[in-house]
Amino acid sequence: MHAPTRLEAHGHVRLDPFYWLRERDNPAVRKYLRAENAHLDAVLAHTKPLKERLFEEIKGRIKQTDMSVPYRRGPSLYYTRTEDGREYPIYCRRASP
């Protein structure tokens, strides 16, 4: 285990035992995080069917093909629209009448 890092701010001192995890390029950090993620995956494995069911339920409540109300900015109208089967909105601009 790593020694805690002493942090001082605004007259208060605290010890952070996980400060070493900020070293993103450190192989020990990457190894530790891989192990933590593997542990989490194992602990939550039984929730996967529920997670998928909730995702599908929420997705079913969202209009897949939709358009926002256009707003005027200068000589143009801006709006977003979504299309069935696409994950991200389409940002649109058209000339204002």
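Derivation of every value follows stated rules applied to the coordinates shown; laboratory data play no part. In this text the structure is predicted, and so the values were computed from the model without any measurement. Virtual Cβ from ideal backbone geometry, glycine too; neighbours counted across all protein chains shown.
Over the Cα atoms of region 5-59, the radius of gyration divided by the Kirkwood radius equals 1.24; this is the Rg/Rh ratio. Stretched out straight at 0.36 nm per residue, the stretch from Glu8 to Thr80 would grow longer than its current Cα-Cα span by 21.3 nm. Per-residue ellipticity at 222 nm, computed for the chain from helices alone with -39500 (n - 2.57) per DSSP H run of at least four residues, works out to -10500 deg cm²/dmol.
Between the Cα long axis of helix 48-60 and the first principal axis of the chain there is an angle of about 20°, rounded to the nearest 10.
Specify which labelled value, from (1) 24.0, 67; (2) 16.4, 54; (3) 15.7, 54, agrees with Rg and Dmax of the Cα atoms in Å derived from the coordinates of the model shown. After the calculation, the listed value that fits is (1).
For the chain, what does the relative contact order come out to in percent, with C-alpha contacts under 8 Å and a separation of six or more? Show your work: numbers first, answer last.
Working: 84 pairs, mean separation 12.6, N = 97.
The value is 13 percent.
The residues neighbouring Arg81, those whose beta-carbon lies less than 15 Å from its own, together hold a net charge of 0 under the Lys/Arg +1, Asp/Glu -1 convention. If I fit a long axis through the Cα atoms of helix 27-44 and take the longest principal axis of the Cα atoms of the chain, what angle between them do I get, 0 to 90°, rounded to 10? In the chain, helix 27-44 runs at an angle near 70 degrees to the longest axis. With θ taken as phi - 60° and the Karplus curve 6.51 cos²θ - 1.76 cosθ + 1.60 applied, the whole-hertz 3J(HN,Hα) list for region 82-92 is 10, 10, 4, x, 9, 7, 10, x, 9, 8, 10 Hz, x standing for glycine and proline.
Sequentially through region 2-8, phi angles give Karplus couplings (6.51, -1.76, 1.60; θ = phi - 60°) of 8, 6, x, 8, 8, 10, 10 Hz, Gly and Pro residues having no value and appearing as x. Among residues other than His2 with Cβ under 11 Å from its Cβ, the summed charge is -2 (Lys and Arg +1, Asp and Glu -1).
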